[in-house]
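The values are calculated or read from the model by the stated rules, or taken from the named source; none is laboratory data. Here the structure is a predicted model, which means the values were calculated and not measured. Positions of Cβ are backbone-derived with ideal geometry, glycine not excepted, and every protein chain shown enters the neighbour counts. Accessible surface areas use protein heavy atoms only, side chains included; no ligands, DNA or RNA. Shrake-Rupley method; radii C 1.70, N 1.55, O 1.52, S 1.80 Å.
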Amino acid sequence: GYNFGNSEKIVGKAIKDKRDEYVVITKFGITWEREGAFFNKVGDTSLYKNLSKDSIRSEIESSLERLQTDYIDIYMSHWQSVEPYFTPISETMEVLNELKAAGKIRGIGAANVDVDHVKEYLKHGQLDIIQAKYSILDRQVEEELLPLCKEHGVTVQAYSPLEMGILTGTIDKDYVAPKGTARYGKKWFEPENLAKVVDMIDQWKPLCEKYDCSVA
């Protein structure tokens with residue numbers, strides 16, 4: 001779903017002739033070539049959530065072709081299924097287990113999941129990795145999700161650990177997120193919250209000096 005498959009094409013060119021040197025993760029479940037539950041619109045192209053068996057079987061072949069490989073190390077659901085195109089996780093896992101048995105994928109992943117999603121995946125096979133939002137400012141996963149994954153040996157891959165750049169220490173209190181950009185309207189870029197974050201980062205300066213490192 002990233003740039004309508006073009007990101008996979010770029011990766012495919014980069015790893016060609018040295019495939020064994022890399023671990024490749026790509027996602028499924030966001031389509032633009034077939035309908036599903038509406039997700040987003042980029043330019044004139046609509047994106048849909050679709051985790052049906054037929055859609056996954058079609059997506060994997062397209063991804064393998066774009067990546068110029070015959071297997072994907074981790075195949076990860078991008079978003080979880082919703083109405084009006086809801087597909088039970090049991091059905092999604094059925095086709096993923098088939099792909100794994102056929103050698104087309106080596107591991108199964110799931111992004112943007114809650115505790116109930118993870119439990120359901122685990123009922124129907126091996127879940128190797130999840131992807132979840134996790135940063136010093138957003139620690140909700142510590143309550144239930146991390147303990148559950150630790151119990152079942154599921155790797156947690158954090159996304160947005162620097163909260164869209166706000167935790168790099170390069171943004172000041174006067175920063176205003178331009179309308180239409182990814183930061184616009186986000187919680188931590190609201191003026192009162194941004195000020196709190198900048199004050200917090202200022203308190204880390206002695207640590208940065210002690211360990212000769214940047215805030216990031």
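With point charges of +1 on the Cβ of Lys and Arg and -1 on the Cβ of Asp and Glu, referenced to the Cα centre of the chain, which listed residue (N6, T168, A102) lies farthest in the positive direction of the dipole?
N6
Using Cα pairs under 8 angstrom and six or more residues apart, how large is the relative contact order of segment 105-211, in percent? Could the numbers behind the result be given before it?
Working: 102 pairs, mean separation 20.5, N = 107.
The value is 19 percent.
Please list, in chain and number order, the residues 5+ apart from A110 or on another chain whose amide H is under 5 Å from its amide H, with Hs placed from the backbone.
When sequence neighbours closer than 5 places are left aside, the close amide H contacts are S77, I129, I130, Q131.
Suppose every Lys and Arg Cβ carries +1 and every Asp and Glu Cβ carries -1, with no other charges. What dipole size does segment 127-185 come out with about its Cα centre, to the nearest 20 debye? Could the numbers behind the result be given before it?
On the way: 6 positive and 9 negative charges, 56 e Å.
Dipole about the Cα centre, nearest 20: 260 debye.
When the gyration tensor of the chain is built from Cα positions, what are the square roots of 5 times its three eigenvalues, in whole Å, from largest to smallest? Show your work: numbers first, answer last.
On the way: eigenvalues 227, 83, 76 Å².
Working from the Cα gyration tensor, I get semi-axes of 34, 20, 19 Å.
Binned at 5 Å from 0, what are the whole-percent values of the Cα-Cα distance distribution for segment 74-174, short to long?
2, 12, 21, 20, 16, 12, 8, 5, 3, 1, 0
Over 21 Å between Cα atoms, which of K16/K53; K16/K104; K133/K173; K13/K41; K27/K53 qualify? Please report the intermediate quantities before stating the final value.
Details: K16/K53 29 Å; K16/K104 17 Å; K133/K173 24 Å; K13/K41 27 Å; K27/K53 15 Å.
Correct reply: K16/K53; K133/K173; K13/K41.
In the full protein assembly as shown, how much of T87 is accessible to a 1.4 Å probe, in Å² to the nearest 10?
Looks like 10 Å² after rounding.
Go through V141, H117, H152 and say which Cα lies farthest out towards the positive end of the charge dipole of segment 53-168; charges sit on Cβ, +1 for Lys and Arg, -1 for Asp and Glu.
H152
I'd like the accessible area for F86: 1.4 Å probe, protein heavy atoms, all chains in place, Å² to the nearest 10.
So the heavy atoms of F86 present about 110 Å² to solvent.
Out of the GluC sites (Glu not before Pro) in segment 1-62, which ones are loop residues according to DSSP with at most 15 other C-beta atoms within 10 Å? Walk me through the numbers on the way to the answer.
On the way: sites: E8, E21, E33, E35, E59, E61; in loops: E33, E35.
Loop-located and lightly packed - E33, E35.
In whole angstrom, note down how far apart the Cα centers of segment 174-204 and segment 92-163 are.
29 Å
With contacts defined as alpha carbon pairs under 8 Å and 6 or more residues apart, what's the relative contact order of the chain in percent?
On the way: 303 pairs, mean separation 28.2, N = 216.
Taking the mean separation of contacting Cα pairs over the length of the chain, I get 13 percent.
Only Lys, Arg, Asp and Glu count, each charged at its Cβ (+1, +1, -1, -1), so figure out the dipole size of the chain about its Cα centre, rounded to 20 debye.
Details: 28 positive and 35 negative charges, 78 e Å.
I would put it at about 380 debye.
Straight-line reach only, C-alpha to C-alpha below 17 angstrom: list the aspartates and glutamates that K210 could link to, leaving out same-chain residues fewer than 8 apart.
List returned: D202.
For K205, which aspartates and glutamates qualify as cross-link partners when the Cα separation must be under 20 Å and same-chain residues fewer than eight apart are set aside?
Correct list for K205: E163, D172, D174.
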